[in-house]
Amino acid sequence: MTDSLYLDEVAGFLRSLDDPTIPGHELLLSLDKEESLLSLQGTEIALQMLDVTPVDDLFITVEDSVDGNRDHHTDSDCTSAESESVASTSSPPVVVESIRSRDAIRRSTYRQKQKAEKDELYRQVEELSSQLSMLQKNKEDAEVSRGTGLAQTALWKALATRHMQGRLIAEEQRRRLCEAVERRSALIRDLGVIIRKRISEEQPEEEPAAKKPRTESPDMALYQAYISELDEVYARTDGIFRDMPVQKEAEECDESQGHYNVQREVVKDSRYHELVGKSTTPFAYDRVQVYIDRACCMENRMGRELIEGAWVPENTTIVKARVNPAGFAGSLVQHTVRRKYAEADRIVVVSRKFTEGDGAFSGMQSDETGWSIVRPSPSCVKGGAGTLLESVTRFVPINFSSASSSGVTVKQFAAAIIKVGEEECRSCIQQLGLMLLNDELGVC
């Protein structure tokens, strides 16, 4: 507001300077009377414009008038005006004309200075006006910028919240998809197990050697006698494995596998043979116990005959099979009765087997008893995995007095039984490993 008033007063002062009808002394009188202009910042410029050197001491300078006080300055101006009036009336015309000419020159010079100062003041007015406009614009821009900054902060916060919500939704969808994949995988595995179980239960048509189960057998008395002995055989399991002579060796070779043949004297000249086997598999115990029944070696031999009937107890299998061991002239007919006992931390399989010689081994028999244990491997305690399979088989050769056989033939008969037993153990382990591998790979 003060700047606008100052600019208006300066403009009025300049308009008064442009009026040629106002003489110089009246202008000085007006400047002296206008004390308000003297208090303004640009008044000194107008006073300096009156600093003109007088001709022939007819005029006094503005500096001399300013150095004196205000009353003396007014008296000097009045005295000059009176002397000028007297000189003009009393002087000759030539002198008056000369005075007028010099006064005109003085006024012309004074007007030029006034015009220059006026132009300078107008220029300053324009410059100050532009500066004021610029300051006002900068102030408005600053206010707008502060408002825009707040708006940008709110917008950034909203965008960040939106992105965070989108990420949380994506993570939830990923978690649900992973759970769906796991459920589908478990369903596929279960369906594979069911399909493989149904396929295994069906009897393949391309097995010509497989025969239909017989409900009655002429050897029923033998089978029933063996069935009645199975519980007693099962009760001796722990004692058999504890008293086994190769138990320490087997414990030292926990991860090894093999079969051992040990001869032990029973009564004077009679001997019984003991076949010890041990093997480990890297598959888990819960999977091994599912396939252990299907890996029975006798049931997978060619020419096998499965004996069934209502008189056969649960978890008991009776198989009759003919075996032709390679490298021997005679053959063997084996009658096997097997039963499985499922315990909390292991599976025990006991068997009773009667072997008859045929051909070169005619008239020779063998009575056999077997124990097998399937349990988790001791390495599982240390954080590993695996299953341990152990077996002990004892058989006693029987020779009737009517049998015409030499000592060499008896030894060959015993060697044939041992070889067949070792082959059965190896075949059983191989088939079990193949089934477990197919189950792991999902192959039917």
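The values are calculated or read from the model by the stated rules, or taken from the named source; none is laboratory data. Remember, predicted model here, so these are calculated numbers, not experimental data. Neighbour counts are summed over all protein chains in view; Cβ atoms, including those assigned to glycine, are modelled from backbone coordinates with ideal geometry.
Yes or no, residue by residue, for (1) at pLDDT 85 or above; (2) of a type in the set (Phe, Trp, Tyr); (3) out of contact with any Ser or Thr (no Cβ under 7 Å at 6 or more places or on another chain):
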| site | (1), (2), (3) |
| --- | --- |
| LYS118 | yes, no, yes |
| GLU126 | yes, no, yes |
| LEU132 | yes, no, yes |
| THR153 | no, no, yes |
| TRP156 | no, yes, yes |
| GLN173 | yes, no, yes |
| GLU182 | yes, no, yes |
| LEU187 | yes, no, yes |
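Assigned by TED's automatic domain parsing to the domain that holds VAL392, at pLDDT below 85 and touching a Phe, Trp or Tyr at 6+ places or on another chain (Cβ under 7 Å): does that describe GLN257?
For GLN257, the condition - assigned by TED's automatic domain parsing to the domain that holds VAL392, at pLDDT below 85 and touching a Phe, Trp or Tyr at 6+ places or on another chain (Cβ under 7 Å) - is not met.
Looking at this structure, is ARG352 within 22 Å of SER279 (Cβ to Cβ) and at pLDDT 85 or above?
No; evaluated as a whole, the condition is false for this residue.
Only one of LYS411, LYS382 is out of contact with any Cys (no Cβ under 7 Å at 6 or more places or on another chain) and at pLDDT below 80. Can you tell me which?
Only one candidate qualifies: LYS382.
Results for (1) among the aromatic types (Phe, Trp, Tyr); (2) surrounded by fewer than 17 Cβ atoms within 10 Å (Cβ to Cβ), shown as yes or no for each residue.
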residue: THR280; (1), (2): no, no
residue: ILE292; (1), (2): no, no
residue: ILE307; (1), (2): no, no
residue: ALA326; (1), (2): no, yes
residue: TYR341; (1), (2): yes, yes
residue: THR355; (1), (2): no, no
residue: SER362; (1), (2): no, yes
residue: SER366; (1), (2): no, no
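Report, ordered by the first and then the second residue, all pairs with beta carbons closer than 6 Å, sequence separation of six or more or different chains, a first member in segment 350-362 that is in the same structural domain as ILE398 (by TED's automatic domain parsing), and a second member that is among the acidic types (Asp, Glu) and in a strand (DSSP E or B).
LYS353/GLU368
Evaluate the following for VAL392: is it at pLDDT 80 or above and either assigned to a strand (DSSP E or B) or outside the structural domain of TYR234 (by TED's automatic domain parsing) (or both)?
Yes.
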